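Throughout, read-outs are computed from the coordinates displayed, never taken from laboratory work. It should be emphasised that the depicted structure is a prediction, and the values quoted were computed from it without experimental measurement. Cβ placement follows ideal geometry from the backbone for every residue including glycine, while neighbour counts extend to all protein chains displayed.
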Amino acid sequence: MRCPFCGNDDTQVKDSRPTDDGASIRRRRQCQACGGRFTTFERVQLRELTLIKKSGKREPFDRDKLARSIEIACRKRPVAPERIERLVNGVVRQLESLGEAEIDAGAVGEMVMVALKALDPVAYVRFASVYHDFREAKDFETFVGSLSEAVNGAKDTPQ
């Protein structure tokens with residue numbers, strides 16, 4: 001592991017333990033050259049995933065990019081970082097369990113939309129606004145209107 005302070009390749013693991021959710025390993029490391037200490041996280045990756053974009057372009061799946069987009073949608077919302085991490089882990093596990101090496105980017109977006117809808121309605125609308133490429137206020141009105149209809153329809157349905 002390369003030292004983030006001096007770039008030296010010779011670092012030593014000082015402590016290693018599983019994270020709270022058990023999905024990764026937390027390692028404390030120390031650089032042999034500069035003495036700097038830093039933490040790394042290792043997680044199991046079952047297979048290399050490739051996303052197929054709308055344009056047809058293929059790119060490697062980037063878990064961190066997915067996490068950043070969800071964090072942006074949840075910014076200034078009462079959502080604990082642990083819940084976001086669990087959501088990301090859940091989406092990644094779903095993708096890996098599909099058994100496909102190439103995955104349509106739209107499928108990833110839909111998985112995130114379903115998960116965010118259950119997590120936080122405002123984050124869901126924020127993510128949807130980027131995912132569905134809202135251009136004007138009318139797009140928001142239409143989307144939120146369809147949400148309201150779905151919620152009210154569910155309330156009116158006898159159980």
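With a threshold of 30 Å on the Cα-Cα distance, the over-threshold entries among Lys14/Lys76; Lys14/Lys117; Lys14/Lys57; Lys53/Lys138 are Lys14/Lys76; Lys14/Lys117; Lys14/Lys57.
Look at the dipole of the chain built from charges on Cβ: of Gly7, Tyr131, Ala67, the Cα furthest out on the positive end belongs to Gly7. Taking Cα centre as origin and charging only the Cβ of basic (Lys, Arg, +1) and acidic (Asp, Glu, -1) residues, the dipole magnitude of the stretch 38-104 rounds to 400 debye. How high is the relative contact order of the stretch 1-121, in percent, with contacts defined as C-alpha pairs under 8 Å that are six or more residues apart? Dividing the mean separation by the residue count of the stretch 1-121 yields 19 percent. Calculated [222 nm] ellipticity per residue, helices only, for the chain: -15500 deg cm²/dmol; basis is -39500 (n - 2.57) per DSSP H run with n ≥ 4, divided by all residues, nearest 500.
Here the dipole of the chain is about 620 debye; that uses its Cα centre as origin and unit charges on the Cβ of Lys and Arg (positive) and Asp and Glu (negative).
Match the structure shown to one of the listed values [x] 1.38; [y] 1.32; [z] 1.00 of Cα Rg over 2.2 N^0.38 Å, computed from it, and give that label. Derived directly from the coordinates: [y]. Only aspartates and glutamates eight or more places from Lys65 in sequence, or on another chain, were considered; those with a Cα closer than 13 Å are Glu85.
Unpaired Cys in the chain, meaning no second Cys C-beta under 4.7 Å: Cys74.
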